[in-house]
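Structure first, commentary second.
The values are calculated or read from the model by the stated rules, or taken from the named source; none is laboratory data. None of these values were measured; they are calculated from a predicted model. Positions of Cβ are backbone-derived with ideal geometry, glycine not excepted, and every protein chain shown enters the neighbour counts. For the accessible areas, the whole protein counts, side chains as well, though only heavy atoms, and no ligand, DNA or RNA atoms are used. Shrake-Rupley method; radii C 1.70, N 1.55, O 1.52, S 1.80 Å.
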Amino acid sequence: AVEITTFDCIVTNLPWGMQTARNLNLSDLYEKFFRQSWYVVRPGGKIVIFVLHGMLTLQLIRSKFAGRFRILHTRVIKTKNSLPSILVLERCPQDDLYLELKRQIWEFNDYVNMPASIFHAIHGWDNDNNENNNQLDNNFGTTALTTD
């Protein structure tokens with residue numbers, strides 16, 4: 001098995017749906033690629049991809065992975081029949097959008113009784129882990145979590 005954050009760079013020519021993956025939804029395939037890349041490329045690592053539909057791929061990155069990858073460079077290559085693109089991305093050190101979502105959920109906790117199991121699931125914590133519960137108390141004051 002590949003260790004998490006193992007690679008400095010991934011260089012790939014993703015399927016274009018012309019011969020390989022003709023019957024697949026390329027958007028779904030590309031989304032799976034980016035999700036897996038997040039875990040195997042070290043923070044600051046690069047991803048260089050060659051795709052047929054650069055604009056659609058950029059839209060996918062901006063809409064679903066904006067907090068995880070930063071677009072460093074794009075290059076459209078004019079050919080006789082198409083406009084393939086080379087995209088260079090950098091893996092962000094942390095998923096800023098996810099962290100912001102966690103912060104917002106924490107703030108909602110003042111107004112909504114959220115079961116502890118849901119709160120811990122969102123934050124990836126074990127319900128029985130007292131160290132994390134103490135960390136919450138230290139960072140944010142007394143928690144207002146309910147028990148199941």
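Would you confirm, using the coordinates I've provided, whether residue 54 is modelled with pLDDT of 85 or more, touching a Lys or Arg at 6+ places or on another chain (Cβ under 6 Å) and not aliphatic (A, V, I, L, M)? So residue 54 does not fit the description; no. Scanning the stretch 44-60 for residues that are surrounded by fewer than 15 Cβ atoms within 10 Å (Cβ to Cβ) and closer than 13 Å to residue 90 by Cβ returns a single hit, 44.
Look at (1) under 13 Å from the mean Cα position of the chain (by Cα); (2) at pLDDT 85 or above and you find that residue 99 fails only one, number (2).
Yes/no matrix, rows are residues, columns are (1) in contact (Cβ under 8 Å) with a residue 12 or more places away in the chain; (2) within 20 Å of the chain's Cα centre (by Cα):
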residue	(1), (2)
54	yes, yes
59	no, yes
63	no, yes
67	yes, yes
77	no, no
80	no, no
85	yes, no
88	yes, yes
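How about the stretch 61-92: which of its residues are of a type in the set (Gly, Ala, Ser) and either over 16 Å from residue 12 (Cβ atoms) or loosely packed, with under 12 Cβ neighbours inside 10 Å (or both)?
If the condition is that a residue be of a type in the set (Gly, Ala, Ser) and either over 16 Å from residue 12 (Cβ atoms) or loosely packed, with under 12 Cβ neighbours inside 10 Å (or both), then 63, 66, 67, 82 are the ones that fit.
Could you tell me whether residue 99 is at negative phi and touching a Leu at 6+ places or on another chain (Cβ under 9 Å)? Against the criterion (at negative phi and touching a Leu at 6+ places or on another chain (Cβ under 9 Å)), residue 99 does not qualify.
Yes or no, residue by residue, for (1) assigned by the TED database to the domain that holds residue 120; (2) among the aliphatic types (A, V, I, L, M); (3) not in a strand (DSSP E or B):
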| residue | (1), (2), (3) |
| --- | --- |
| 28 | no, no, yes |
| 33 | no, no, yes |
| 62 | no, no, yes |
| 78 | no, no, yes |
| 89 | no, yes, no |
| 100 | yes, no, yes |
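Tallying residues that are within 24 Å of residue 65 (Cα to Cα) and surrounded by 13 or more Cβ atoms within 10 Å (Cβ to Cβ) within the stretch 103-117 yields 2. Evaluating residue 24 against the criteria (1) out of contact with any helix residue (DSSP H, G or I) (no Cβ under 7 Å at 6 or more places or on another chain); (2) modelled with pLDDT of 90 or more; (3) open to solvent by 60 Å² or more (accessible area, probe 1.4 Å) leaves one unmet condition, (2). When the stretch 73-92 is limited to residues that are more than 16 Å from residue 56 (Cβ to Cβ) and polar (S, T, N, Q), the one that is modelled with the lowest pLDDT turns out to be 81.
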